[in-house]
Amino acid sequence: MKYAVISVSREGALLGRRVKDGISGEGTLYERKGAESGGEAVYFNRTLALTSDIFTKYDGLLFIMASGIAVRAVAPHVVSKASDPAVLVMDECGKHCISLLSGHLGGANAWAREVAAAAGADPVITTATDVHERRAPDDVARELMMRVEPLGALKPVNSFIAEGKRVCWFLDMETEGAVSIGKRLSEKGIPFLPLSDLPKEEFEGCVIISNEKVHADKPFVRLIPKNLYVGIGCKRGTAEALIEDAFQKALFQARAYEYQVASLASVDAKADEKGLLDFAMHHHLPIHFYKAEELRKVTEDFGLPISKFVENTIGVGNVCQSAALMESMKGKTLLPKTKFASATVAIALGLSGSSALDRVTRRK
């Protein structure tokens with residue numbers, strides 16, 4: 001997880017440093033000028049201007065300040081629960097850590113618990129399903145790295161779950177990886193039925209896990225397992241076996257499964273790379289090639305690290321991560337650019353169709 005800790009007082013800056021030392025992920029400390037902790041940090045003048053600059057560049061934002069300041073800072077940038085970063089607010093004394101935005105899909109609720117533990121604070125979670133200690137489909141989707149469709153149906157389905165009404169979970173046993181998915185659901189204490197039982201069951205709402213378009217007569221959400229997009233860069237003439245090795249190691253590092261991969265992507269300079277093409281064919285995965293200028297724009301938008309050598313060679317300094325994000329409709333990085341023998345790999349999580357449309361519309 002790539003996150004930012006933003007503080008406006010020296011006491012808050014010291015607390016932010018302590019939190020960063022106690023949690024996982026790649027963190028950056030942002031401290032207001034004149035209220036520094038004395039350690040390594042990025043300094044800023046205005047919270048609103050800083051938030052505007054970094055809102056889409058991190059998976060999570062922790063504001064150590066009054067909640068009103070944080071609300072005003074993020075409000076102009078909020079688009080969708082499927083694409084907004086996790087946002088937490090904590091007081092500078094470290095008494096309370098509030099999950100403010102993207103509690104489920106963005107992971108703010110889980111992150112609030114981790115941050116609170118590091119600070120010795122009380123996590124403040126307000127989502128209805130969590131306070132009733134019931135599993136919400138969008139929370140499960142985040143944990144299993146699945147996409148939620150349609151987002152608009154989450155509200156009634158989650159309301160039924162919070163109210164204790166009957167909401168059935170159905171798993172399409174024809175879906176690739178169904179056995180593994182079923183095992184993971186059982187480990188989370190979620191009972192499920194085969195999708196073939198859908199017409200026989202009585203329920204108020206349901207959750208359907210399938211890669212196919214399935215409809216129910218009552219409120220439902222579909223969790224789509226194929227939600228990962230893999231970007232690959234490689235040296236000229238890289239053997240398929242080396243690409244395979246890099247791919248499998250990348251999945252392992254991301255704690256992901258091969259059945260979750262929807263497609264591959266790279267730069268158009270690799271469109272004739274035999275090892276890459278053979279790898280895609282043998283895994284029955286579509287692969288898309290993007291122009292260098294398209295990937296360069298993504299690299300700039302997301303502030304991705306670049307290689308000057310690669311940039312001078314093919315026109316873009318970050319191939320795999322920019323390609324993964326482009327393929328995912330500019331979703332979220334799961335595994336950043338990672339180097340292996342003769343290849344680099346990055347993995348991105350896709351956005352829901354409606355969330356991607358919201359994001360594009362917001363930019364116009």
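Compactness ratio for region 228-334: Cα radius of gyration over 2.2 N^0.38 Å (N = residue count) comes to 0.99. Distant-in-sequence amide contacts of CYS97, defined by a placed amide H-H separation under 5 Å and a gap of 5 or more residues or a different chain, comprise ASP122, VAL124. Of the accessible area of the chain, computed with a 1.4 Å probe over protein heavy atoms only, carbon and sulfur atoms account for 53 percent. If you add up the charges near ALA112, with Lys and Arg at +1 and Asp and Glu at -1, over every other residue whose beta carbon is less than 11 angstrom from its beta carbon, what do you get? With Lys, Arg at +1 and Asp, Glu at -1, the neighbours total -2. Other residues lying with their Cβ under 11 Å from the Cβ of THR129 contribute a combined charge of -3, Lys and Arg counting +1, Asp and Glu -1. In a reduced charge model with +1 at each Lys and Arg Cβ and -1 at each Asp and Glu Cβ, the chain shows a dipole moment near 780 debye about its Cα centre.
When the chain is treated as a GNM with alpha-carbon contacts under 10 Å, the residue of GLY233, GLY331, GLY315 showing the greatest mean-square fluctuation is GLY315. Taking amide H atoms as placed 1.01 Å from N in the peptide plane, the amide H of LEU61 lies under 5 Å from those of ALA4, ALA86, VAL87, LEU88, each 5 or more residues away in sequence or on another chain. Taking the centroid of alpha carbons for each part, region 176-218 and region 83-157 are 23 Å apart. Our coupling estimate for region 81-86, obtained by passing each phi through the Karplus curve with A = 6.51, B = -1.76, C = 1.60 and θ = phi - 60°, is 5, 7, 10, 5, x, 5 Hz, Gly and Pro reported as x. Positive-end ranking of HIS282, THR333, THR313 along the dipole of region 271-357, with charges on Cβ about the Cα centre, is headed by THR333. Between the listed residues LEU61, ALA75, VAL115, the Cα displaced farthest toward the positive end of the dipole of region 5-116, a dipole computed from Cβ unit charges relative to the Cα centre, is found at ALA75. Here the peptides 53-59, 268-274 are ranked by packing, the mean other Cβ count within 10 Å, and the order with the highest first is 53-59, 268-274. Close amide H pairs (under 5 Å, H built 1.01 Å from N) link THR344 with GLY233, CYS234, residues at least 5 positions away or on another chain. Local charge for GLY39 was computed over the other residues whose Cβ lies under 15 Å away, with Lys and Arg +1 and Asp and Glu -1, and equals +1.
The charge dipole of region 1-102, taken about its Cα centre with unit charges on the Cβ atoms of Lys, Arg (+1), Asp and Glu (-1) only, comes to about 140 debye. The string of couplings for region 328-340 from the Karplus curve (6.51, -1.76, 1.60, θ = phi - 60°) is 8, 6, 6, x, 10, 6, 9, 10, x, 3, 10, 8, 10 Hz, one whole number per residue in order, with x for Gly and Pro. Rank GLY233, ILE243, PHE220 by how far each Cα sits towards the positive end of the charge dipole of region 218-276 (+1 on Lys, Arg Cβ; -1 on Asp, Glu Cβ) and give me just the farthest. It is PHE220. Rolling a 1.4 Å probe over the heavy atoms of the protein chains gives the chain an accessible area of 46 Å² per residue.
In percent, rounded to a whole number, the relative contact order of the chain is 13, using alpha-carbon pairs under 8 Å and six or more apart. Across ARG142, ARG296, ARG184, mean-square fluctuation computed from a Gaussian network of the chain (C-alpha pairs under 10 Å connected) peaks at ARG184.
The values are calculated or read from the model by the stated rules, or taken from the named source; none is laboratory data. Computed from a predicted model, the values in this text were never measured in an experiment. In this analysis, Cβ positions are derived from the backbone assuming ideal geometry, glycine residues included, and neighbour counts consider all displayed protein chains. Surface accessibility is based on the protein's heavy atoms, side chains included, excluding ligands, DNA and RNA. Shrake-Rupley method; radii C 1.70, N 1.55, O 1.52, S 1.80 Å.
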